[in-house]
Each structure stands twice: as C-alpha cells, then as structure tokens.
Amino acid sequence: MFALLLGSRVFRTVVTVAFNMKPKVVFVLGGPGAGKGTQCLKIVEHFGYTHLSAGDLLRAERNNPGSQYGELIENYIKEGKIVPVEITCSLLEKAMKESGKEKFLIDGFPRNQNNLDGWNNVVANKIDLQFVLFFDCPLDVCLDRCIKRGASGSGRTDDNEESLKKRCNVYINETRPIIEHYEKYNLVKRIDASKTEAEVFDEVKQIFLGNAAGDH
C-alpha cells in the first residue's frame, strides 16, 4: 500500500514538473517578404513547432467584430507602424496557453525596442528562448516578393508599395537593432534568405537538427 502511495506521489510530482516546464521559443525575424512565414510552415511540419505569427494574431484580432482593439490595430497596420507591445504580448501569451503545446516559433516579434522591453517585462521569464532565426535578405528582393504577393491576391492591406516603404524603414531603423542586440548574446542563427525556398530550408534544417542534438 505504501509503495502504491509513494508511486502515486512520484507520478503526480513528475506530471506537475512536466506541466510546469517553460515553453521553448524561437523568434523568427527578417524583412518583409524575407520568407519567414513560408519557412515557418516547413519547420512546423518537420520539427513539430507551433507557429505563432504576431502579424497574423494582430490581423485576426483586428477582424474580430467584438475586439476593443480592432480599429486601433487597423490604423497601425495601414500606417506600417508597430502595434503597442501590450496588445501583441497579450495575444502571444494567450495563444501559447490556449495551444497546449510546448515548442513555438514566434514570427515577426520582437520588432523594436519597445517590443523587446515589453516582452522582457511580461513574458520572458515564463519561456525558454532557444535562439533567434534571422532570415537575412536584400530589401530589393523583399520588396519584389511582396509586390508580387500583393498582385497575386494575398489579401494583405500592407502588400502595396506605400506601406512596404514604411515597413522597410521600420525594419531597418527598429528591427535590425534588436537582431544586433541578440547577436551580442550569440543567440542569432543567420540564414541567407535570398536563395530558393528549398535552399533556404536546407539551411534551416541544419540549424534545427543541431539544436535538437544539443537538447539531448
């Protein structure tokens, strides 16, 4: 009887520890049109991560008729500006909790110092940041990809030349310094995103296979 009770207690302890493990997070950054979303879908398929796009979450919230933030988000997106960090962090944390999963790709975040500060204040101590996956791509290539994406009916209100210029300025002036910040801590894995989709994913696979090996 004692052995059964002890075994039950140990089992409950193991289960409790397992459920209290911090989610593993990979930040995915790069310019607009660098291929982040496309590669994230492949990572999900091959490595079992859950893909959370900060932009997609914001767009979904914007389109939610009952959202108190919908109009505000719409205005920020149209202007190519970065939505207040409190909203983005809230949506990301909610999505992680509701998924029930433990490995996440957070795509397009943190995009500026305010994002980084907000994340560090609210969420950083609740997760295990594995690394930052940086899709490095020349801006002229990024712009060409986005224009073609918009012309083919992407449905994104910011896939137009005016919004793209603003987004590129935000990327250069606000997001690149965040990547440089993480480089100081040797957390950035850089990918040449100007290559073909298949070639880029070959590089991505090597990074994730190496990371998985390091976890064991």
- [ ] First compute the accessible area of the chain with a 1.4 Å probe, then give the percent of it belonging to carbon and sulfur atoms.
- [x] 53
Open item on the list: Counting C-alpha atoms alone, how compact is region 57-183: give Rg to one decimal and Dmax as a whole number, in angstrom.
Closed with: 15.3, 42
TODO: Can you check what the Kirkwood hydrodynamic radius comes to for region 40-120, Cα pairs only, in Å to one decimal?
DONE: 13.3
Task: Average accessible area per residue (Å²) across region 107-211 - probe 1.4 Å, nucleic acids and ligands excluded - done: 52
Task: Cross-link reach list, aspartates and glutamates versus residue 165, counting only Cα pairs under 16 Å and skipping chain neighbours closer than eight places - done: 79, 140, 144, 174
- [ ] Could you estimate the translational diffusion coefficient of region 146-208 from the Stokes-Einstein equation, with Rh from the Kirkwood formula over C-alpha pairs, at 4 °C and 1.567 mPa s, in whole µm²/s?
- [x] 92
TODO: Would you indicate which of (1) 53, 51, 17; (2) 34, 21, 16; (3) 38, 26, 17 is the value of semi-axes √(5λ) of the Cα gyration tensor in Å derived from the coordinates of this structure?
DONE: (2)
- [ ] State to the nearest 20 debye the size of the charge dipole of the chain about its Cα centre, where the only charges are +1 on K and R beta carbons and -1 on D and E beta carbons.
- [x] 580
Task: Accessible area (Å², per residue) of region 35-102, counting only protein heavy atoms and a probe of 1.4 Å - done: 55
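The values are calculated or read from the model by the stated rules, or taken from the named source; none is laboratory data. Every value quoted in this text rests on a predicted model; they were computed, and no experiment measured them. Note that we place each Cβ from the backbone using ideal geometry, even for glycine, and neighbour counts take in every protein chain shown. Accessible surface areas use protein heavy atoms only, side chains included; no ligands, DNA or RNA. Shrake-Rupley method; radii C 1.70, N 1.55, O 1.52, S 1.80 Å.
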